[in-house]
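K.L.:
If you scroll down you'll find the structure; I have some questions about it.
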Amino acid sequence: MDNKITKKRISNHLEYDWIFYVLIVVVGILGSYFLFSQINRTRDYEDITLFVSCYGENDNDFVGRTFADMNKSDYQSNGRFLYGENVLREITVETRDPLDRDNYLTLLQTHGIITSDILVVGKSYMESCAASFVPLTDEILTEYLLPDDRQTGEKLQIDAFEYYTVTLSSGEERRVGIKISSFAKMHGAGSVFETDWRNVEGYKTAYGEAAEENQPDDEFYICLNSQSKNIGKFGKHAKDKNAQALFVFNRFLTYYRQ
């Protein structure tokens, strides 16, 4: 049998079978793209999302500061990674105005309760959302969430903050949010997130004469979503080593309290 490879045979082969080679190249390109997209895909535990309800935002550098702190050695505690290893690739801060009547409630449910790790919510929404939030036990507060005092360097105590509490059928009171609207950086001149509608001229005009029960929220609370995959042993769907959202929560209190 003559199996000699010649230019004529190659030409005849390609004339009839070229489509197979094109398909092989296309499949190879698509397979490589899919493989690399999966390798580089941001996993749930590599991304933290904050849903912040407020009436305005000013020069927010929260993400950069948090990543800078996470890259420091003090991200560790007593030689161990208290919040899990430093695997975060993205931190997203989404701000929404509660007075955007057409969109806010829908976004609170879809972007907030369903997909966010940390939420800042007005008092009027806390009761209806409370079941979605992680109980703020003494353990999670003292071990993970409460920051050091920036002046004394000592760990802040539980009674240094105000909380939103719900009463269970057993009569037990449960903390589900930390009040942040009284923080220095959360209202008035120099605020990063404006939580007092009276400091927004249009809202002051619209609601200044309204009865108190008809006025917008001026109390806001920061909460942890129980569905988050980044809250370690305190979550329903998180692994112990993935507690990075607790660190981000801690940084929020650190930066904006004083």
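K.L.:
How far is it, in nm, from the label point at Arg198 to the one at Glu139 when both lie 7 Å from their Cα along the line to the Cβ?
P.N.:
Computed distance between label sites Arg198 and Glu139 equals 4.1 nm.
K.L.:
Right, another one. With every protein chain left in place and a probe of 1.4 Å, what is the accessible surface of Phe247, to the nearest 10 Å²?
P.N.:
Counting only protein heavy atoms, the figure is 10 Å².
K.L.:
Take Asp69 and Thr205, extend 7 Å from each Cα along the Cα→Cβ direction, and tell me the distance between the two endpoints in nm.
P.N.:
3.8 nm
K.L.:
Kindly provide the trypsin sites (Lys or Arg not before Pro) of the range 121-194 that DSSP labels as loop, not H, G, I, E or B, and whose Cβ sees at most 15 other Cβ atoms within 10 Å.
P.N.:
Arg150
K.L.:
If you stretched the chain out fully between Thr165 and Glu127, how much longer would it get, using 0.36 nm times the residue separation minus the C-alpha to C-alpha distance?
P.N.:
Gain on stretching Thr165 to Glu127: 12.8 nm.
K.L.:
Can you compute the charge dipole magnitude of the range 79-141 about its Cα centre, using +1 on each Lys and Arg Cβ and -1 on each Asp and Glu Cβ, nothing else charged? Give it in debye, rounded to the nearest 20.
P.N.:
The calculation lands at about 20 debye.
K.L.:
Then there's this: So for the range 138-220, what are the equivalent ellipsoid semi-axes in whole Å, largest first, each being the square root of 5 times an eigenvalue of the Cα gyration tensor?
P.N.:
30, 21, 7
K.L.:
Ok, one more. Skipping prolines and chain starts, which residues have an amide H placed within reach, meaning under 5 Å, of the one on Arg96, given they are 5 or more residues away or on another chain?
P.N.:
The list, which skips near neighbours in sequence, is Val52, Ser53, Cys54.
K.L.:
Could you please put Glu57, Glu213, Glu154, Glu194 in sequence from largest to smallest accessible area, using a 1.4 Å probe?
P.N.:
Sorted by accessible area, descending: Glu213, Glu154, Glu57, Glu194.
K.L.:
Right, something else. Give me, ordered by chain and number, the residues 5 or more places off Tyr163 or on other chains with an amide H under 5 Å from its own placed amide H.
P.N.:
Lys179
K.L.:
Using 7 Å Cα-to-Cβ label points, what is the Asp240/Glu85 separation (nm, one decimal)?
P.N.:
Rounded to a tenth, the inter-label distance reads 1.6 nm.
K.L.:
A 26 angstrom limit on the alpha carbon distance is what I want to check against. Which of Lys179/Lys239; Lys72/Lys239; Lys155/Lys185; Lys185/Lys236; Lys155/Lys179; Lys185/Lys241 exceed it?
P.N.:
Correct reply: Lys179/Lys239; Lys185/Lys236; Lys185/Lys241.
K.L.:
At a probe radius of 1.4 Å, what is the per-residue accessible area of Cys129, in Å² to the nearest 10?
P.N.:
Taking all protein chains as shown, Cys129 has close to 10 Å².
The values are calculated or read from the model by the stated rules, or taken from the named source; none is laboratory data. In this text, all values refer to a predicted model and were calculated from it rather than measured experimentally. With ideal geometry, Cβ positions are generated from the backbone for all residues, glycine too; neighbour counts draw on all protein chains shown. Protein only, heavy atoms only, side chains kept; ligands, DNA and RNA dropped before computing areas. Shrake-Rupley method; radii C 1.70, N 1.55, O 1.52, S 1.80 Å.
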